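Student: Take this structure, written in structure tokens, and hold onto it; I'll ask about it next.
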Amino acid sequence: MEAYLLEFGNLLLRWLHVIAAIAWVGESIYFVMLDNGLRPPKDAECKKKGVYGEMWAVHGGGFYHNQKYATSPEKLPEDLHWSFWKSYVTWLSGFGLFTLLYLTKPSFYLVNANSPWEWAANMVGWQANVAALAFLALGWIVYNELCKRISPNMTRDGILSVAVAVMMVVVAYLSTHIFSGRAAFLLTGAVMATAMSANVFFWIIPGQRRMVKAMKAGETPNPIDGLRGKQRSVHNTYFTLPVVLLMLSNHYSFTYTHPQSWVIMTLFIFAGALIRQYFVLMHAGHIRPGYPIAGVALILIAIWFGAPSTSKTVEAPAAQSNVTATEQAGEAVPAVEGTTTGEVTLAQVETIMDNRCVQCHAVNPTQAGFAAAPLGVILDSAEQIKLQADRIKQVVASKYMPLGNMSGMTDDERAMIAAWNGQ
Ligand code: HEC
């Protein structure tokens, strides 16, 4: 019952998270489009009022006339529209989901038993939780310091962009080395998403409040607030596409189970930013196909780089991870022995699935904490197993499954799954 309620909570939070993110990212894309699509006003009256640019649009059966003021308009209306809740709700619901999914089961989902760094591989649950939270906090602190130190007056934003790009490569590298693949992709996306929301919370909104306050007091607002708001929202624009991709990558284990998954992640991040750049420039009236072509080229490199190797050799798996988990379970299941002829039969594969997988991958899992078959993958019949053959081979070869090697799968069994022809 408890597992069921947690799953339900997960669904509701995810629903909220996706809706809030659509609203926020949609609005952010809209405002970049609006800002870049502004044209000088034609009307002399408007020019006199201090209008710097305008845009006419037709939408939903009506005509809209947006105007942007170069400096402060003569008078501010009382009911000024602010945008921040969409950003905060996206972050809060995302953090809630992360807590529910990862922080409650860190030894399954956060710990990277195959990490080349011993301290990371040996982390226990609470240490992995602390590490994940510290990772998020440090991500924001480092990014914020880079902005403050490199381009405090927004005069060196080009160099700053390069520094932020380098920082993201480092984040991708560290996250995949410290945390398990899926968590690493999620946390790297979350570092960017946290920077985005924190930009809104710590800089953009307070800056705008100072501007409004000054204008209401009849003073000229400090231009640095406007410039900084712009700088941070430009960063947010380039983060949006990569963040969405990294969040979605969780459903595609071929992305994060690759041994050099940080390279794939980096390629995705730059591809997303390059494709976004095309649209930013397009709204300003410049068509630069080089950007999306470069973005697509990076994606093609990712496809090539991430392709499963065709040779069927299975490396010796690092079985160290969960010997303890199996021991705790107290009932180590004997391994299925390979046959000398090398032919792997479906019956043998079924036995392996029965011993190592169906405790979780059944309609009613027996593994504590699982209310339903994870991702709907059910492996309790020959038909289902054949149907999922490719996926099974992939997750077993990459050692992503059995999750945390809870069920103590052996190297021989992995080699047999690799040699099995899927029939
Ligand atoms: C301790 C529970 C557990 C065991 C044991 C387990 N799995 Fe999983 N499996 C999961 C969970 C949880 C997920 C979903 C993870 C995710 O969302 O990426 C999953 C996902 C999968 C997927 C889908 C991956 C994807 O992203 O497409 C496949 C295929 C799979 N498991 C196969 C196996 C096989 C084969 C075994 C046995 C060798 C196995 N699992 C053992 C818990 C388990």
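Student: Output the residues belonging to the stretch 28-64 that are modelled with pLDDT of 90 or more and exposed (fewer than 10 other Cβ atoms within 10 Å of the Cβ).
Tutor: If the condition is that a residue be modelled with pLDDT of 90 or more and exposed (fewer than 10 other Cβ atoms within 10 Å of the Cβ), then V58, H59, G60, G61, G62, F63 are the ones that fit.
Student: Of A165, A184, A193, A214, which residue is over 20 Å from the mean Cα position of the chain (by Cα) and among the aliphatic types (A, V, I, L, M)?
Tutor: None of the other options fit; the residue is A214.
Student: Now for a separate question. For the stretch 140-163, indicate whether the set of residues that are within 30 Å of K399 (Cβ to Cβ) and without any contact (Cβ under 8 Å) to a residue 60 or more places away in the chain is non-empty.
Tutor: No, that holds for no residue.
Student: With the structure loaded, tell me whether G376 is on the phi > 0 side of the Ramachandran plot and in contact (Cβ under 8 Å) with a residue 12 or more places away in the chain or whether it fails that test.
Tutor: So G376 does not fit the description; no.
The values are calculated or read from the model by the stated rules, or taken from the named source; none is laboratory data. No experiment lies behind these values; they were computed from the predicted model shown. A quick note on method: Cβ atoms are made from the backbone with ideal geometry, for glycine too, and the neighbour counts reach across all protein chains shown.
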